[in-house]
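Step one of this worksheet: look at the structure below.
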Amino acid sequence: MAATPETEKNADVAALVADIGARIESTVSRDTLLAHLVLLTVFHRQLCDNANEVKDFSFLCAAETRYLTFMDAMAKAVIEDASLVEEPPLPPVDVALIWHSHLLSPIRYADDVQRRYGRAVARVSFPLQRMAKALMGKDRADMDMARAFWAAHLPADMSFDLTLANVSENAVTARVVCPSCSNEQELSMYDYVAFRKHAQTHSCTSCGATFTAEHVAVRRFLTIVAHAPTFARIAGTQTHPKTLVFRPDDTANMADLALHLDKSTWNTHVAKLPALSTWTDVELTMTETVVRAGHGAVHRAVIDALAQYPKFLALMVARPGVPLVPTQFIDLAWHTHQLHAAAYAKDTVELTGKVANHDDSDDDGAKARIVAGAERTAEAWNEVFGEDYYRPNVLRSTTGGSVVDAASCDACDECGDTAAAVAVADTAGGRCFACVFCDVAVLDNCAAACRCVSAVGAAECRAE
């Protein structure tokens, strides 16, 4: 019987999904997804204080400063030891949080890192699985080497460990520069959080002008354009407009930009410009999104992510004009892919012709776009794959767990699922503590009866 156009189309789609699955199998795998879950669990349980917004924000500000200092040190070390590109030193957990969040804006990450440090650091691999092993107490030697690197390359007054308990929101202040008179002034963290996060106006202590964080961002951008020694130092100017790949050697793109960034023109600009996010603005917003999402948003069956994410990438190819909105399962896999920055850029450029951007913004405009995009995504998914986007055809066992789960805990008393648990080292030592479906403790005595899925595969869970 001759193949119909419909069967040929289905075969093409199936072949594309299979090709994508093979392409990404080293970066989006069961082990990398589980390692990512371990990391997110630590971020959520150890680095988040939902009851104190100001303390949370103070901690993130300190962590961001430490992240930039760590990256500065690593950039210098990579020059002397090229092996650090593949095996970088493990960062402290708070630094890993900011690094992780920066990577979730792949176009900005490539632009920021290559402008600041060059291509070598842009190729440095985020140590996802090594970080998970260390946090679970499975590779103490790796963490010892991380501490040694920190002691040798970071400022003596900057300790390796930073926890919420180390940060006092009452003991630190923030500095802002008035966009009208350029006077720098201090704000308490309480006032700064209201200014940065809740659009509260501030009155300059020198000239009396009132301004918002948006005005500060606009003034900072104008200042950078006016005083940058070369416009190539300005964020976004070396990113190709079509492929979104960082291309400092693209002379045609540079020539076009030179016309738009002529200093004589920008020095006389007085028109109000839209707010433009800075590195700091974007990173803190994304970090908070990751921490907020934490356990409840991503701790579901890994198999769903593995089954759906290749289809999601295939949908980017089949429906390039549709603004795709991922499910929680797909988002976990998508984020995991992005943590492998070089591979993610290569894979998405080869598939779609450009780096697939990712946006975790949660402002009102973004929320409206997400609602509309989710509807269009579900429609396109059904058209291409013939299934409900939110009820995918994923083979599961009768107990609710995936049939390919290598190990599982006893049924959770709360939700009844035979669910994989994530083992994470905390102050009490390594233990299984959470059902991935409902986020409650699975067993009190993990060592007695539990086998848990760890970042390195099925392993005996050892309570200490």
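The values are calculated or read from the model by the stated rules, or taken from the named source; none is laboratory data. Quick caveat, the model's predicted, so the values are computed rather than measured. Cβ atoms come from the backbone with ideal geometry, glycine included; neighbour counts cover every protein chain shown.
Sort out which residues of region 95-122 are of a type outside the set (A, V, I, L, M), within 23 Å of LEU33 (Cβ to Cβ) and out of contact with any Ser or Thr (no Cβ under 6 Å at 6 or more places or on another chain), and write them in order of number. Matches in region 95-122: TRP99, HIS100, HIS102, SER105, PRO106, TYR109. Given the criterion modelled with pLDDT of 90 or more, in a helix (DSSP H, G or I) and surrounded by fewer than 13 Cβ atoms within 10 Å (Cβ to Cβ), identify the matching residue among ALA62, ALA18. So the residue among ALA62, ALA18 that is modelled with pLDDT of 90 or more, in a helix (DSSP H, G or I) and surrounded by fewer than 13 Cβ atoms within 10 Å (Cβ to Cβ) is ALA18. In region 169-212, which residues are within 28 Å of the chain's Cα centre (by Cα) and in contact (Cβ under 8 Å) with a residue 40 or more places away in the chain? Those that are within 28 Å of the chain's Cα centre (by Cα) and in contact (Cβ under 8 Å) with a residue 40 or more places away in the chain: GLU169, VAL172, ALA174, VAL176, MET189, TYR190, TYR192, VAL193, ARG196, LYS197.
Of these, LYS55, LYS76, which one is among the charged types (D, E, K, R), within 30 Å of LEU187 (Cα to Cα) and assigned to a helix (DSSP H, G or I)?
Details: LYS76 fails: within 30 Å of LEU187 (Cα to Cα).
Selected residue: LYS55, the only one of LYS55, LYS76 that is among the charged types (D, E, K, R), within 30 Å of LEU187 (Cα to Cα) and assigned to a helix (DSSP H, G or I).
Of the residues examined, LEU332 is one that is assigned by TED's automatic domain parsing to the domain that holds ARG45, in a helix (DSSP H, G or I) and closer than 19 Å to PRO106 by Cα.
Residues considered: LEU104, LEU90, LEU84, LEU135. Of these, the only one that is within 16 Å of ALA341 (Cα to Cα) and crowded, with 21+ Cβ neighbours inside 10 Å is LEU104.
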